[in-house]
Structure formats: structure tokens, C-alpha cells
Amino acid sequence: MNEIITTLSNPRIQQQILEQAKEHLMISFSAVLLAILIAVPLGIFLTRCERLANPVMTVVGLLQTIPSIALLAFMIPLLGIGWRPALAALFLYALLPILRNTYAGIRSVDRGVLEAGRGMGMTPLQLLFLVELPMSFRVIMNGIRVSTVSIIGWATLAAFVGAGGLGDTILSGFALVSTGLILAGGIPVTLMALLADFLLGRLEKAVTPRGLAI
Amino acid sequence: MEFLNYVVHNAPTILDLTGEHLQLALMGVLCALLVGVPVGIFISRHPRWVGPVLWITNAIQTIPSLALIGFVMIFLGLSRETGVTVLFLYALMPIIRNTYTGVTAVDSGIIEAARGMGMTSWQILRMVQLPLALAIILVGVRVALVTAVGTASMMSLAGAGGLGELIFAGIDRVNTKMILGGALPAAMLAVLAEVGIGALERKLTPGGLQPTR
């Protein structure tokens, strides 16, 4: 108990946690952002090109079965150590939920609604931006939430490839058998994940078009 | 080629660790089944508990694995128990949620019919609700097992062994063959779990619920 209190009240450690929390958020959000930039357009493309949907989903699904720590490890020979391999691995991991939900969301838009849009003289691009995307926002946002929460978790592993983040402190805690350090790294990262889950859940409700809200 | 050499030379170790890995994952999921199915049934009968129980299991799911290992380690130290406990905690959510969904999704007309035949509520549970919910519960088991097989790679950090031993040792030595030697079997186990339970699902679905071809 004493050890926990001295560790947590040490200003050097507090400083370090703050620094690592920033690193952690940076790397998680960059990975998710990149994944959104790639997966949403790709998901839309797959709904226009059904033939490719199955193979692409299978490949992305297979990536997901590789244990995350192994995926990170594979990146070392390719990209060295530091933030690059971490970002690449986290990005690959973030892809699947967003891609799958974008594809499923757009495909689930009612045919009749599309027909109506077309009947009003909408071009395909207008249909996409004015009908299909708004109607599937909720599902897409759900994918983004799932990705973000799991990426914040997996980003703790980035410490293994020298990319920093809160995992560093947890690992030092393991190495030094220090409960204080484990908690000092573990609690903020848990809070971060819970907070992201909560906030993105809110956002999910907020972006649902009024007519679709339950 | 070099990798094949490595595998051939270290086959016994890899096999041992694969067995350990599978054992960890199975133990975690088994414990979660023993706890999760009764809890899922319980909350389906006491709706007041649905919110809190699902909220807690969801929150557990959100805890990053490295942090959860650390938290559990504080209580159980470096041991197999720590590994199994962490996997158990992660497996709870899919199993409880799917048991609950499966049991509550049974058509109320069917339950009415069973009651009309004079079944007790225990009989209804055992002979009607659970068989009809089995397919959905198995989906939960599949999700739980695939996650457990994946997360089990981390459990060597908790001193619980498994293929993570090779992966982490490989990272330390920047030895790609070693990393692959741990990661490939782990990935294969995950795919196998997915396919295997998928087959079991089809087999255990009652005849009347089988999709017609």
C-alpha cells in the first residue's frame, strides 16, 4: 500500500505518465484516423463492386486473427523500432471493424429509399452523400467506436517496439514487480478506453439522423 | 526456408507451447461458460439485473489487456491462475450477452405452448428455451474462444506460458523466425477455433431450426 502511494505521488512519475498519455493518445488516434480514411472509402467501393467484397473481407479478417503482439512484432523487421511499426500494426488492426460496418451499413439502406432518391433525379454521388451515408452513419460510427476502444488497449503494446505510451510504465511495473507502477500506467489507460467508449457512444447517437433515432 | 528449418528443429517446444496455449484459452472459456450461462439465464428472468450486469461485463471488455493482466497480477502474482483469470474475464461478456439474447429471443408462443402442456418452468428452460437458444449461445462461445486464443499470446507476461513465450523472446532478440514460430501457430489456432465451433454450431442446431437448402 505504501509503495503504491509513494509511487503515485512522485512528481517525476506523474510527469512521465502525462507525457506517455499524450503519446498514447497521439498514436491511437493517428491509427484510427488513418483507418477511417482508408476503410470508409474502401467500404463504399466494395458496395459498388460486390465481387471484391468477399475476398477483401476475408483478407482483412485474417489480419485480425493474427495475435496483436505478433502483428506488432512482424513490423519490426519491416519498419524498425519506434512509432512507425506501432502505427502500422494498430492501423491494420483498426481496419476491420470500420470496413465491415461501412459495408454493412451502406448495404442495409432500404432499396425503396434509394429508388425514391433516384426518382427525385439524384445523381449517384448525391445518393451517396445525401441518402446512403447519412442513413448508415450510426453503423459506421459504431465501427469507429469499436476500433478506437480496442486500439487504445492495443496501443499499450506499442511499448514493446519502443513506441512509448502508457504501456512503458506498465511494463516497468512488471519488470520491477511494482504494484504502484502497474496501477500508474494501467488506471489511466483503462480510463482512456472507458471514456472513448462513452464519448463515441454519445457521438453515435448525436449523428443519427432525427428520423432514424429510436 | 530458414523458417522451416527453425520449426523442424524446435518442433517439440512449439508443440508444447501450443498445447499450453490452447489449454489456457480453453480453461478461460470453460470457466466463463460455467459462470456466464447461469448468469445469462438469471438476468433473462430478472430484467432488473440486465442493465448492471451487461454494463459491468462491457466495462471489463474495455480494459486494455496489458492493464488487466497487471491488475489481476497484483492479486494472483505471476502464475497460470492470472492468465486463466484474465481470459475468463474477457470471455464473460460474449457468453453472458448471447445466453441472455438467446433465451429471451425464444418465441413467447412456444413458451406458452409448453406451459399449456403442463411443463414446469425448469422443464421449459431445459427442454425448450436452452435448446432453442443453443445456436446463439454457441456464437458467443466462438467469439469468446477466438478472443481467448488471441489474447492468450499475452499471458506469458503473466508467467502463464503459451506461444507468447516465443513471440516475446523473439521480440527481445529481434529474431523473426522465433516470432513467426510463436505467431503462426497462434493465428492458426484462432482460425481453427472459428471454423471448428462454426461446424459445431451447425451440428447442434435443432433440426427444425436448420436453414433449409
Under 18 Å from a label point 7 Å along Cα→Cβ of B:W122: give me every residue in region B:9-50 with its amide N that close. B:38-39, B:41-42, B:45
Accessible area of the protein assembly as shown belonging to carbon and sulfur atoms, whole % at 1.4 Å probe: 68 percent
Between A:I4 and B:V7, how high is the FRET efficiency from 1/(1 + (r/R0)^6) when r is the Cβ-Cβ distance and R₀ = 51 Å? Nearest 0.05. 0.70
Within region B:54-94, name every residue whose backbone N is under 17 Å away from a label modeled 7 Å from Cα of B:D172 along the Cβ vector. B:78-79
For region A:19-209, I need the span (max minus min coordinate) of the C-alpha atoms along each principal axis, in Å, sorted largest to smallest. 68, 35, 21
Roughly how large is the B-A contact in terms of buried accessible area, totalled over both chains, probe 1.4 Å, nearest 100 Å²? 2300 Å²
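In square nanometres, what is the average projected area of the Cα convex hull of region A:154-214?
Details: hull surface 21.1 nm².
Mean projected area of the Cα convex hull: 5.3 nm².
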Would you jot down the residues in region A:179-209 that end up with at least 40 Å² less accessible area in the complete protein assembly than in the chain alone, with a 1.4 Å probe? A:I182, A:T190, A:L194
Checked region B:1-68 with the C-alpha gyration tensor, a ≥ b ≥ c its square-rooted eigenvalues, rounded below a/c of 1.5, otherwise prolate if a/b is larger than b/c and oblate if not; verdict prolate
How much length, in nm to one decimal, is gained on full extension between A:L125 and A:Q15, taken as 0.36 nm per residue of separation minus their Cα-Cα distance? 34.7 nm
Where only protein heavy atoms count, and the probe is 1.4 Å, what is the accessible area per residue for chain A in Å²? 51 Å²
Could you give me the ³J(HN,Hα) list for region A:81-95, computed from phi with Karplus coefficients 6.51, -1.76, 1.60 and θ = phi - 60°, whole Hz, x at Gly and Pro? 10, x, 6, 4, x, 5, 4, 4, 5, 5, 4, 4, 5, 7, 4
Output field shielding_mean for A:73-79 (other chain Cβ, 10 Å radius) holds 4
With heavy atoms of protein chains only and a 1.4 Å probe, what residues of region A:151-170 have at least 20 Å² less accessible area in the full set of chains than alone? A:G153, A:W154, A:T156, A:L157, A:F160, A:I170
Charge dipole (debye, nearest 20) of chain A; +1 at Cβ of Lys and Arg, -1 at Cβ of Asp and Glu: 540 debye
Quick check: the distance between the Cα centres of region B:142-210 and region B:16-60, to the nearest angstrom? 18 Å
Semi-axis lengths, Å, chain B, gyration tensor of Cα atoms, sqrt of 5 times eigenvalues: 39, 21, 11
Return one whole number: the accessible area per residue of region B:142-213 in Å², for a 1.4 Å probe. 45 Å²
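The values are calculated or read from the model by the stated rules, or taken from the named source; none is laboratory data. The structure displayed is predicted, hence computed values, not measured ones. When we count neighbours, we look across all protein chains shown, and the Cβ atoms used for this are built from the backbone with ideal geometry, even at glycine. Ligands, DNA and RNA are stripped out before the accessible areas are found, and what is left, the full protein with its side chains, is counted by its heavy atoms. Shrake-Rupley method; radii C 1.70, N 1.55, O 1.52, S 1.80 Å.
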